[in-house]
Amino acid sequence: MERSRIALPIGITLDRFIKSKQDEYPNAAGELSQLLRDIALASKVVNREINKAGLVDIMGYIGQQNEAGDEQQKLDVLAHIRFSRALSKGGEAAGIISEETETFTDFKNKGKYVVAIDPLDGSSNIDVNVSIGTIFSIYKRKTKPGTKLTKKDFLQKGTEQVAAGYVLYGSSTMLVYTTGKGVNGFTYETTLGEYVLSHPQMKCPSDGKIYSINEAGLQQYSDPTIERYLTQCKKDGFTARYIGSLVADIHRNMIKGGIFLYPATSKYPKGKLRLLFECNALALIVEQAGGLATNGSKRILEMEPTGLHQTTPMYIGSKQLVKSLLGQSKKK
Ligand code: AHG
Ligand code: MN
Ligand code: MN
């Protein structure tokens, strides 16, 4: 047959993949599957809005600040609305806490799950066409379905996540997620409007030669371990890569191997990254892919959250690199 007429297979779409995983559990009611599909749908809408950001007047600041005091941009707000709406209409999530809101929203339904989300990560990169992302964590609610949600439903340790993922709006758009049994990555096929399995069973290389840190703030870092570690990296021939979009920095290190560091600084004495919206999801994904994520003294996933917008230092990535950083800190 003429080569051009061979119908090559499309591959496994996200919907089919989720369904096949659900079928492995005969008693699963499909609620988590539906919730993941709702998130995927919202991410497609956000992807569309990001792609046309330069064409319509949705770029730039909206003139408000979010809880952490960052300038909110229109796309932050739009993404928040898209994900909240998809989840509330989907009916499987009982509520949501987003980086963009002070407290959680109760959808007042019978859903068993709650979602913590950074709807748009790396927002300072929007105006300059650099990769941005979405980060999400899914937990089973602690209180009884059908009753009022409480803070307790959201203040759960990362180990309690039933699923977590990120979407990277990059040179291509990807959705990467885990339900605690490995990590799978899907690339968005725009003409089909479908995510297609492109990175099955992702593994973070156990070693690497990339470090990612906002080194400009180094003199502010209270912990001398970091400086010592970076000096060692330089001696060992590392290269530095820092995008300033956490999802993009982590994704690159997941593929190429590397370590991402965001320590406490004088500007952010307790670290900048948010435990519930950013760190827990990425820690679960990286650990599920064979890497490590720590706050310097404890696994990120084992931190007991006390506040919805709590921040933490985070060191995350290839196992050997994180171990060697922790080794440096023992030399204090
Ligand atoms: P967000 O856009 O959701 O507020 O997150 C920005 C975060 C994260 O994506 C990135 O790694 C970090 O801020 C960059 O911080 P610095 O500019 O301080 O390096
Ligand atoms: Mn973020
Ligand atoms: Mn954000």
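The values are calculated or read from the model by the stated rules, or taken from the named source; none is laboratory data. This one's a predicted model, so the numbers in the text were calculated from it and none came from an experiment. Positions of Cβ are generated from backbone atoms using ideal geometry, with glycine treated the same way; all protein chains shown enter the neighbour counts. Calculation scope for accessible area: heavy atoms of the full protein, side chains included, ligands and nucleic acids excluded. Shrake-Rupley method; radii C 1.70, N 1.55, O 1.52, S 1.80 Å.
Checking each residue in region 309-332 for being in contact (Cβ under 8 Å) with a residue 60 or more places away in the chain, closer than 27 Å to LYS152 by Cβ and open to solvent by less than 10 Å² (accessible area, probe 1.4 Å) picks out only ILE316.
Do we find a residue being farther than 25 Å from LEU168 by Cβ, open to solvent by 10 Å² or more (accessible area, probe 1.4 Å) and more than 10 Å from ligand 1 (Cβ to nearest atom) anywhere in region 117-137? No - not one qualifying residue is present in region 117-137.
For region 68-118, the set of residues classified as among the small types (Gly, Ala, Ser), in contact with a strand residue (DSSP E or B) (Cβ under 6 Å, 6 or more places away or on another chain) and more than 15 Å from ligand 3 (Cβ to nearest atom) consists of ALA93, ALA94, GLY95, GLY111, listed by residue number. Here LEU273, LEU246 are screened, and the one residue that is open to solvent by less than 50 Å² (accessible area, probe 1.4 Å), within 30 Å of LEU149 (Cβ to Cβ), touching a Pro at 6+ places or on another chain (Cβ under 9 Å) and within 16 Å of ligand 3 (Cβ to nearest atom) is LEU273.
Set side by side, the residues ILE285, ILE255 differ, and just one is β-branched (Val, Ile, Thr) and either open to solvent by 30 Å² or more (accessible area, probe 1.4 Å) or assigned by TED's automatic domain parsing to the domain that holds GLN156 (or both), which is ILE255.
Give the residues of region 288-300 that are open to solvent by 40 Å² or more (accessible area, probe 1.4 Å) and either in contact with an Asp or Glu (Cβ under 9 Å, 6 or more places away or on another chain) or over 22 Å from GLN220 (Cβ atoms) (or both), sorted by residue number.
Residues of region 288-300 open to solvent by 40 Å² or more (accessible area, probe 1.4 Å): 288, 292, 297-299.
Answer for region 288-300, where residues must be open to solvent by 40 Å² or more (accessible area, probe 1.4 Å) and either in contact with an Asp or Glu (Cβ under 9 Å, 6 or more places away or on another chain) or over 22 Å from GLN220 (Cβ atoms) (or both): GLN288, LEU292, LYS298, ARG299.
So, THR179, is that one open to solvent by 50 Å² or more (accessible area, probe 1.4 Å) and not assigned by TED's automatic domain parsing to the domain that holds LYS21 or not? Judged against the criteria, THR179 is not a match. I'd like to know if region 271-286 contains one or more residues that are more than 16 Å from ligand 1 (Cβ to nearest atom) and among the aliphatic types (A, V, I, L, M). Yes, region 271-286 contains a residue that is more than 16 Å from ligand 1 (Cβ to nearest atom) and among the aliphatic types (A, V, I, L, M). For the structure I just gave you, tell me whether GLN219 is open to solvent by 60 Å² or more (accessible area, probe 1.4 Å) and over 27 Å from LEU120 (Cβ atoms). Criteria met by GLN219. Has region 95-108 got any residue that is within 23 Å of ARG299 (Cβ to Cβ), modelled with pLDDT of 95 or more and surrounded by fewer than 21 Cβ atoms within 10 Å (Cβ to Cβ)? The answer is no; no qualifying residue exists. Note on region 23-35: residues that are out of contact with any strand residue (DSSP E or B) (no Cβ under 7 Å at 6 or more places or on another chain) and open to solvent by less than 40 Å² (accessible area, probe 1.4 Å) amount to 2. Among the residues of region 124-163, those that are aliphatic (A, V, I, L, M) and over 30 Å from TYR188 (Cα atoms) comprise LEU149, LEU155.
Listed by first and then second residue, the pairs with beta-carbon distance under 8 Å, at least 6 apart or on different chains, first residue in region 114-127 and at positive phi and in the same structural domain as LYS151 (by TED's automatic domain parsing), second within 10 Å of ligand 1 (Cβ to nearest atom) and assigned to a strand (DSSP E or B), are GLY122/ILE132; GLY122/GLY133. Checked against the criterion of being free of Cβ contacts under 8 Å to residues at least 40 places away in the same chain, touching a Gly at 6+ places or on another chain (Cβ under 9 Å) and open to solvent by 60 Å² or more (accessible area, probe 1.4 Å), region 201-212 has at least one qualifying residue.
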